[in-house]
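K.L.:
The following block contains the structure, expressed as structure tokens.
Only the coordinates and a few stated rules stand behind these numbers; no lab work does. None of these values were measured; they are calculated from a predicted model. Methodologically, a virtual Cβ is constructed for each residue, glycine included, from the backbone with ideal geometry; neighbour enumeration extends over all protein chains shown.
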Amino acid sequence: MTIPAVSVLSLYMHIGLVLGIDTKSTVLLVLSLFITAIALRTGRTIVLHGIVLLVIFVVYLFTTVIP
Amino acid sequence: MNSNTQTLPRAWLADLPLWTICAPIIAGIILGAASFGFGSSGISIGVIAVALAGSVFAAVHHAKVVAHRVGEPYGTLVLALAVTLIEVALIVSLMIAGGSEAAALACDTVLAAVMIILNGIIGLCLLLGGLRHRQQTFSLDGVSAALVALAAIAVLALVFPNYTVTTPGPYYSPGQLMLIAVVSLAIYGAFVFAQTIGHRGIFVEDEPRSPASD
């Protein structure tokens, strides 16, 4: 819901809006969508899934600080 | 969560601690003082930042109380609306103030939100729930609906603009921007419709299988 609001406001106020993310973030975003879809596929989860998702989150934080 | 719709007004007032009422007022006073020129040193900027964070947390707390009162499927809507309003207000005010440097702020914020939800929150839920209950079960239909909507909006809004050729680089042309706004609104609207009216049952927690994480 943020996307439509910000888009319309930026059109209205003539502010340049950058929406694309760089390749590194794209890879991480697609990876986490993929992993989440697989991890939540069966309806039953164990600790392993949580650890993997948290590891990807830590990688995202780390590469945000040190790109 | 529907159980406390019967509570008395007095009990409802008890959900509002004093700081949630004081924080916005204090923040307003600090903002007024700052606009009259008591600002711009490091300490006062810190004070302003703390006041901003305090009033944001107070607003979220108010929204949480309202959401509790409203009940399960619509309560999430109240929270989503409140958080979106806060987020858009912050992004737009920073973009107005920051000029061209802040143009990428919107996509960074949205990306950070998506990553925190997908990896941080779901990961933490699965880890803690897994440690506590060994194996968790949840409503697959609700998860699939939310993930489908989230994946489509995230990829269309964040990845796709890099590959459009009308305006090279990570930008959409105005027409494309309108299209993406309409498309994300349509996806989100369909999700909200399914959540509240169409398929309400798959989103409301069913009682016997309580260790659900979503």
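K.L.:
Find, among the trypsin sites (Lys or Arg not before Pro) in the range B:64-147, those assigned to loop by DSSP (not H, G, I, E, B) with at most 12 other beta-carbon atoms within 10 angstrom. Kindly include the intermediate steps, with their values, before the conclusion.
P.N.:
Details: sites: B:Lys64, B:Arg69, B:Arg132, B:Arg134; in loops: B:Arg134.
Passing both the DSSP loop test and the Cβ count: B:Arg134.
K.L.:
For B:Thr167 and B:Arg134, calculate 0.36 nm times their separation in residues minus their Cα-Cα distance, and state this gained length in nm to one decimal.
P.N.:
Net length gain for the segment: 6.8 nm.
K.L.:
Shifting gears a bit: Over the range B:128-184, what is the relative contact order in percent, taking alpha-carbon pairs closer than 8 angstrom and at least six residues apart?
P.N.:
The value is 18 percent.
K.L.:
Put a dot 7 Å past each Cα toward the Cβ at B:Thr196 and A:Phe62; how far apart are the dots in nm?
P.N.:
That separation, rounded to one decimal, is 4.3 nm.
K.L.:
Considering amide H positions built from the backbone, and no H for Pro or chain starts, which residues 5 or more places from B:Gln136, or on another chain, come under 5 Å of its amide H?
P.N.:
A:Thr45
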